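What follows is a single structure, written as structure tokens, with notes after it.
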Amino acid sequence: MTMIAASPLQTLAQSPENVAVVINDSSPESQRIGQAYAAARSIPDSNVFHVRTATEETITRDLFQRTVHGPLALAITRSRLQDRILYIVLTKGMPLRIAGSQGQAGSVASVDSELTLLYRRMSGRLDKPEGPIPNPYFLGDREITEARPFTHRDFDIFLVSRLDAYTVEEALSLIDKAASPASEG
């Protein structure tokens, strides 16, 4: 039997305790997908957050602040999970966009991008909603050897992803497919 040593990045792998799932209780789709994902990935109940917001693709900034950003920040803070959570997973049934002005200095944004900044804002650093904000984790044209594992010590953001598809069944199949990825191809 041959033993294969773990690579340095494998030893730094994250666990379910580092993942938060956000479920929109106004959306049966979001509830079903979020609960399935949390169960499949053994996400602790303490890391499953429920919000009640609109189910439309676009919402106002005020509605986002009152029904998503504010309640999520409060729940994470109350649970004292702001430093343990590194990743936020949104589900189908959560709004996609925040309405706003267009252009380089515009205030239109994606819900995912705004939640990326939640850690920074919870830490007291406020960014204005207008204009671009550089992603500190983006490697750009630097060498891959400069890449570092994601931690809050080095990056003052959350990494946000979305579990979505055209149908609930397709989104649920993504959970299953990720559990047994192809090893060839």
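Give the stretch 84-100 a look and list any residue that's more than 14 Å from the chain's Cα centre (by Cα) and open to solvent by 60 Å² or more (accessible area, probe 1.4 Å), or say none.
Selection gives R97 alone.
Mind checking which residues of the stretch 79-122 are farther than 29 Å from Y166 by Cα and of a type outside the set (G, A, S)?
R80, L81, Q82, D83, R84, Q104, Y119, R120, R121, M122 - these are the residues of the stretch 79-122 that are farther than 29 Å from Y166 by Cα and of a type outside the set (G, A, S).
Residue pairs, Cβ under 9 Å, 6 or more apart or interchain, first in the stretch 137-157 and within 18 Å of T116 (Cβ to Cβ) and open to solvent by 100 Å² or more (accessible area, probe 1.4 Å), second in a loop (DSSP other than H, G, I, E, B) and among the hydroxyl-bearing types (S, T, Y). List them.
So the pair list comes out as R148/Y137.
Quick check on the stretch 45-55. Is at least one of its residues at pLDDT 95 or above, over 16 Å from the mean Cα position of the chain (by Cα) and open to solvent by less than 60 Å² (accessible area, probe 1.4 Å)?
Scanning the stretch 45-55, I find at least one residue that is at pLDDT 95 or above, over 16 Å from the mean Cα position of the chain (by Cα) and open to solvent by less than 60 Å² (accessible area, probe 1.4 Å), so the answer is yes.
Just give me the residues in the stretch 162-179 being in a loop (DSSP other than H, G, I, E, B) and open to solvent by less than 50 Å² (accessible area, probe 1.4 Å), in sequence order. Working first, answer last.
In the first step, residues of the stretch 162-179 are kept if they are in a loop (DSSP other than H, G, I, E, B); the result is 164-167.
Matches in the stretch 162-179: A165 only.
Suppose we filter the stretch 17-33 for residues that are more than 19 Å from A73 (Cβ to Cβ) and either of a type in the set (A, V, I, L, M, F, W, C) or part of a strand (DSSP E or B) (or both); how many remain?
1
Taking the condition among the polar types (S, T, N, Q) and open to solvent by less than 60 Å² (accessible area, probe 1.4 Å), does S79 pass? Don't jump to the end; show me each part of the working.
Details: among the polar types (S, T, N, Q): yes; open to solvent by less than 60 Å² (accessible area, probe 1.4 Å): yes.
Yes: the conditions hold for S79.
For the condition exposed (fewer than 15 other Cβ atoms within 10 Å of the Cβ) and under 15 Å from the mean Cα position of the chain (by Cα), what is the one hit in S110, S123? Steps first, please.
Numbers: S123 fails: under 15 Å from the mean Cα position of the chain (by Cα).
Only one candidate qualifies: S110.
The values are calculated or read from the model by the stated rules, or taken from the named source; none is laboratory data. Quick caveat: nothing in here was measured; it's all calculated off a predicted structure. As a convention, Cβ positions derive from the backbone with ideal geometry for all residues, glycine included, and neighbour counts pool all protein chains shown. Protein only, heavy atoms only, side chains kept; ligands, DNA and RNA dropped before computing areas. Shrake-Rupley method; radii C 1.70, N 1.55, O 1.52, S 1.80 Å.
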